[in-house]
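Working notes, structure below.
The values are calculated or read from the model by the stated rules, or taken from the named source; none is laboratory data. Since this is a predicted model, take the numbers as computed values, not measurements. In this analysis, Cβ positions are derived from the backbone assuming ideal geometry, glycine residues included, and neighbour counts consider all displayed protein chains. Note: accessible area is taken over every heavy atom of the protein model, side chains too, but ligands, DNA and RNA are not part of it. Shrake-Rupley method; radii C 1.70, N 1.55, O 1.52, S 1.80 Å.
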Amino acid sequence: MSFIIEAQKKQVGEVIEFYDKTPNAKSWKWDFGDNSPKEFEKSVLHKYTKAGIYTISLQVNGSCTYEKIIEIRDLGKIIDTLKIPKIITPTVVVVGQPVEFYYSYRSEAFAWEWSFGETGQMDNTSEFPVYSYSTPGVKTITLVINGDMPHIASKNIYVKPRQLIKTKKDTIKSYVYEKAPKLFELPPGNPQKDPLEDLLRNIHGVPVLNPLEKKIKQAEESKAPDISENQFQILLLEVAKQSKTKEDFIQYTCGSYDFPVIKNNNKIMTFAEFCNQLQNKKIKIEALRLTKDNKNCIAGLTITYKVKKAFIWTYD
């Protein structure tokens, strides 16, 4: 006698299927080793709520007993793949070519955050955007629907360089000889006033801003670009993977990396130190809040997150 355990990762919260293969079996009694109620069907489903090593016992026909040991690990929150949207777009495009982006999603969608993998930030918030790439290479597209960061969708797209068009080579047969210089000479006569002189006199000058208007204009032009807290989370995850550094935040921090970061409600450090600590770690962000100044520059960060050590998620 024997039975089969069907599980993807054998982790806490995962629905695991147990299936008996004993020939001529007529009755079954399952014990999952976690003090849960017994089951009496040939095929059963069970979910463990705590990590650990469990002994599974199956009694068939009231007499024969077979046991297996299973290790259940805590791998963090289970991602429901059915909630991850599917990005629909060509896999190969050309620089400068308008690309239409679509998606499929099982639930109702009311908010969209698209990143096309070229600017390092959120690029569009419309449902079905159109975008033209300006540089070649492999780009990673991401889509967050309804602000659901744990179920972010991603897809790679290859952008080919624009194809060069060959031009005709000049030959002696295609050369057009210059006309005789005399054909360009003006006929003799009295000198006349150039009409362009009067035209230039009547062109109005560019209006000069007064000092207050000038200051307002300079302040508006010096404002940092917008970035959402969800998009900031994506950049921090890339820092943890060592694919981004603090310098990738320069346009949002206005060149400053010394603003305070409060992490997990008990530690404070500069943003530069925080980025150094994140590198080469597997992190899971639970909450994040940005503080900005009057120029839209990021001036503070409060974050709560966990780091995976061995098989356990713990606050850093």
Extension reserve of the Ser228-Asp34 stretch, reckoned as 0.36 nm per residue once the Cα distance is removed: 65.5 nm
Write down the accessible area per residue of the stretch 1-80 in Å², having rolled a 1.4 Å probe over the full set of protein chains. 63 Å²
Taking alpha-carbon centroids only, the stretch 99-125 lies from the stretch 43-93 a number of Å equal to 31 Å
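Rounded to a whole number, what % of the accessible area of the stretch 250-297 do carbon and sulfur atoms account for, probe 1.4 Å?
On the way: 1300 of 2770 Å².
It is 47 percent, rounded to a whole number.
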Directionally averaged projected area (convex hull, Cα atoms, the stretch 1-115), nm²: 11.5 nm²
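Could you work out how much longer the chain between Thr22 and Ser2 gets when fully extended? Use 0.36 nm per residue separation minus the Cα distance between them, nm to one decimal.
My answer for the length gained is 6.6 nm.
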May I ask you to give the percent of accessible area on the stretch 1-91 that is carbon plus sulfur, with a probe radius of 1.4 Å? 49 percent
What is the distance, in nm, between label points placed 7 Å from the Cα along the Cα-to-Cβ direction at Asp80 and at Gln277? 3.4 nm
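So which of Lys139/Lys281; Lys244/Lys267; Lys29/Lys306; Lys241/Lys267; Lys68/Lys155 end up more than 28 Å apart, counting from Cα to Cα?
Too far apart for the 28 Å limit: Lys29/Lys306; Lys68/Lys155.
Could you work out the local net charge near Lys83, counting Lys and Arg as +1, Asp and Glu as -1, over the other residues with Cβ closer than 9 Å to its Cβ?
Result for the neighbourhood of Lys83: -1.
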